[in-house]
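Note sheet for the following structure.
The values are calculated or read from the model by the stated rules, or taken from the named source; none is laboratory data. The shown structure was predicted, so the numbers you read here are calculated from the model rather than taken from an experiment. Please note: Cβ atoms are built from the backbone with ideal geometry, for glycine as well, and neighbour counts cover all protein chains shown.
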Amino acid sequence: IDDDGILTEDLGMRMAEIPLEPDYARSLVASEAFGCAEEVSEIFGMVQSSTMLISASTSRERRLFEAVRQPYAVAEGDLLTYLNMFRAYKSNGYSSSWCSSKRFNGKGFKQARRIAHNL
């Protein structure tokens, strides 16, 4: 948005077409210049689906989930952890049985995949 409150023709118009919060849309547009738009799309797919990623209704199940998630966790934070989880899902053929074996919610991962594809 320029000083007059009008969408800028290049960046603003592109961001307006992306169904994400403005900060995320800006990051996605910028990621194209760095050659990592696919990865950023996958991360945002996971972020948008984050409440659906686990099948844990009790504290015991939650602890089990955290133990299974641990191999994907990195010190750089949750966003790269999400990317690692999505890559593992992808490398396992987007398998719902793989999700179940990891105590991940297959529907949440399927939604993340759909969102990433649409971005």
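Which numbered condition in (1) in contact (Cβ under 8 Å) with a residue 24 or more places away in the chain; (2) in contact with a helix residue (DSSP H, G or I) (Cβ under 7 Å, 6 or more places away or on another chain); (3) hydrophobic (A, V, I, L, M, F, W, C); (4) over 30 Å from ARG14 (Cα atoms) is the only one that VAL74 fails?
(1)
Being crowded, with 17+ Cβ neighbours inside 10 Å and more than 21 Å from SER96 (Cβ to Cβ) is the filter here, so list the residues in the stretch 44-79 that pass it.
Answer for the stretch 44-79, where residues must be crowded, with 17+ Cβ neighbours inside 10 Å and more than 21 Å from SER96 (Cβ to Cβ): just PHE44.
For every residue, the table says whether it meets (1) basic (Lys, Arg); (2) outside the structural domain of GLU21 (by TED's automatic domain parsing); (3) at pLDDT 95 or above; (4) over 10 Å from the mean Cα position of the chain (by Cα).
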{"residue": "LEU79", "(1), (2), (3), (4)": "no, yes, no, no"}
{"residue": "ARG87", "(1), (2), (3), (4)": "yes, yes, yes, yes"}
{"residue": "LYS90", "(1), (2), (3), (4)": "yes, yes, yes, yes"}
{"residue": "TYR94", "(1), (2), (3), (4)": "no, yes, yes, yes"}
{"residue": "ASN105", "(1), (2), (3), (4)": "no, yes, no, yes"}
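Six or more apart or on different chains, Cβ under 8 Å: which pairs go from a residue in the stretch 96-119 that's of a type in the set (S, T, N, Q) to one that's assigned to a loop (DSSP other than H, G, I, E, B)? Could you list them?
Close Cβ pairs (under 8 Å, with a partner that is assigned to a loop (DSSP other than H, G, I, E, B)) amount to SER100/SER55; ASN105/LEU53; ASN105/SER55; GLN111/SER49; ASN118/PRO19.
Can you spot a residue in the stretch 27-43 that is farther than 26 Å from ARG14 by Cα, surrounded by 17 or more Cβ atoms within 10 Å (Cβ to Cβ) and either in contact (Cβ under 8 Å) with a residue 12 or more places away in the chain or among the basic types (Lys, Arg) (or both)? Walk me through it before giving the result.
At the first step, the residues of the stretch 27-43 found to be farther than 26 Å from ARG14 by Cα are none.
No, that holds for no residue.
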